[in-house]
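The values are calculated or read from the model by the stated rules, or taken from the named source; none is laboratory data. Worth saying up front: this structure is predicted, and the values here are computed from it rather than measured. Please note: Cβ atoms are built from the backbone with ideal geometry, for glycine as well, and neighbour counts cover all protein chains shown.
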Amino acid sequence: MRSLRTHFELGDGVVKAVDGVSLSVPRGRTLAVVGESGCGKSVTARSILRLVEKPARIVGGEILLHPDSDGEPLDLLAAKDKRLRQVRWADIAMVFQEPMASLSLVHTIGDQIIEAVRLHENVGKQAARERAIEMLGRVGIPDPQRRVDSYPFQLSGGMRQRAMIAMALSCRPRLLIADEPTTALDVTTQAQILDLLQDLQQEFGMAIMLITHDLGVAAQVADEVAVMYLGEVVEQGPASAVLSQPKHPYTQALVRSVPRLGARGQERLVAVRGTVPPPYERPSGCRFHPRCDAFMAGKCDVTVPTRVRSDEIDVACLLYGEEKS
Ligand code: SF4
């Protein structure tokens, strides 16, 4: 995606939920998009498949789906609705935090997977049912021959999330967008689901875009991390570098707020100072300046930082040089 901008046009003004975000996820890799609630992560993810609803509107940018072989990429923002429906599930699938929001309550999970497969592939009902059973088995649902005829409410939260992943992967998508897929789950199930996603990624070679507020989850699975604040990416780079040697004061504060395995007893966890400002009140200059411990008066509140490369990380902070007026 290049320079994506998604705004909420409300009676009182415009909320710039996503304001010029550029990200890419190569095949077989995992990008974690992290940040506090309200930083624009989920709106970014939903914009990819044009799943934002009024009053939200995508007002600019490109979302390019590159073909596996040579050829022109498809701009999803310019694609006709019919073409976009073909892309959903078959090329790009989404998993949400709450599977009940995506699964139909009145259909069995098998019927829902079968419908998704047959919508995109020319296969008979029996073959699609066998695919559904196979996928339910692959995601660790016991006795899939029987569970395929279960309704979502007959499954536990962890099983429903697995069923949602089975449905998302049933058409072998090239990109899986997982929006807080484990937030509602206990830690054991969370670890199992993350392992499962990694195994399936290796098996199918898909790209994963993981939306999470949890840096521990990002550290566990991501190759690359993008940190968002108030609709902008403020830091991006290899997960190992961003999470161990963060450059941006916001990322540094996020990292300090997370418990570390092996940390010395005296090490204190410190929450990020202040709160995300209300959406209408975008601070001047650097959007993070009211909360920043490294704030430079007359500079950070005036000048909008551009992204610069520092070591192997891209960072938008005036501590690292270049400026834009
Ligand atoms: Fe802090 Fe200034 Fe950097 Fe913004 S530009 S993060 S206020 S030091």
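Observations on the structure shown:
- If only residues of the stretch 199-221 that are in a helix (DSSP H, G or I) and touching a Ser or Thr at 6+ places or on another chain (Cβ under 8 Å) are counted, the one that is surrounded by the most Cβ atoms within 10 Å (Cβ to Cβ) is Ala218.
- Against the test of being over 12 Å from the mean Cα position of the chain (by Cα) and either farther than 11 Å from Met1 by Cβ or among the hydrophobic types (A, V, I, L, M, F, W, C) (or both), the options Arg83, Arg46 yield a single qualifying residue, Arg83.
- Flag for Ala241 being more than 16 Å from the ligand (Cβ to nearest atom) and modelled with pLDDT of 95 or more: yes
- Residue in the stretch 57-75 that is of a type in the set (Ser, Thr, Tyr) and free of Cβ contacts under 8 Å to residues at least 12 places away in the same chain present: yes
- Qualifying residue in the stretch 157-167 (condition: modelled with pLDDT under 95, farther than 17 Å from Ala101 by Cα and not small (Gly, Ala, Ser)): no
- Subset of the stretch 302-316 [near the ligand (Cβ under 8 Å from one of its atoms) and assigned to a loop (DSSP other than H, G, I, E, B)]: Thr303
- When each of Leu65, Leu84, Leu76 is tested for being more than 21 Å from Pro181 (Cβ to Cβ) and surrounded by 20 or more Cβ atoms within 10 Å (Cβ to Cβ), the lone residue that passes is Leu76.
- Wholly within the stretch 95-149, helices (runs of 4 or more DSSP H) carrying at least 3 residues that are crowded, with 19+ Cβ neighbours inside 10 Å and of a type in the set (A, V, I, L, M): 109-120, 125-138
- Of the numbered criteria (1) under 27 Å from Pro279 (Cβ atoms); (2) in contact with a strand residue (DSSP E or B) (Cβ under 6 Å, 6 or more places away or on another chain), the one Thr183 fails is (2).
- Considering residues of the stretch 150-161 that are under 21 Å from Leu196 (Cα atoms) and buried (at least 17 other Cβ atoms within 10 Å of the Cβ) only, the residue nearest to the chain's Cα centre (by Cα): Gln161
- Boolean, Val33 is assigned to a loop (DSSP other than H, G, I, E, B) and touching a Ser or Thr at 6+ places or on another chain (Cβ under 7 Å): no
- Residue match in the stretch 187-194 (condition: outside any helix (DSSP H, G or I) and farther than 21 Å from Arg50 by Cα): no
Let's see how each residue does on (1) in contact with an Asp or Glu (Cβ under 6 Å, 6 or more places away or on another chain); (2) without any contact (Cβ under 8 Å) to a residue 12 or more places away in the chain; (3) under 24 Å from Leu31 (Cα atoms):
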site: Ala127; (1), (2), (3): no, yes, no
site: Pro142; (1), (2), (3): no, yes, no
site: Pro152; (1), (2), (3): no, no, no
site: Gly158; (1), (2), (3): no, no, yes
site: Ile165; (1), (2), (3): no, no, yes
site: Ile177; (1), (2), (3): no, no, yes
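- Only listed residue being more than 23 Å from Ser47 (Cβ to Cβ), within 16 Å of the ligand (Cβ to nearest atom) and of a type in the set (S, T, N, Q), chosen from Gln252, Gln202: Gln252
- Some residue of the stretch 236-249 being in a helix (DSSP H, G or I), more than 15 Å from the chain's Cα centre (by Cα), without any contact (Cβ under 8 Å) to a residue 60 or more places away in the chain and closer than 30 Å to Asp68 by Cβ: yes
- Looking only at the stretch 71-94, and only at residues there that are in a loop (DSSP other than H, G, I, E, B) and farther than 15 Å from Ile48 by Cβ, the one that is modelled with the lowest pLDDT: Gly71
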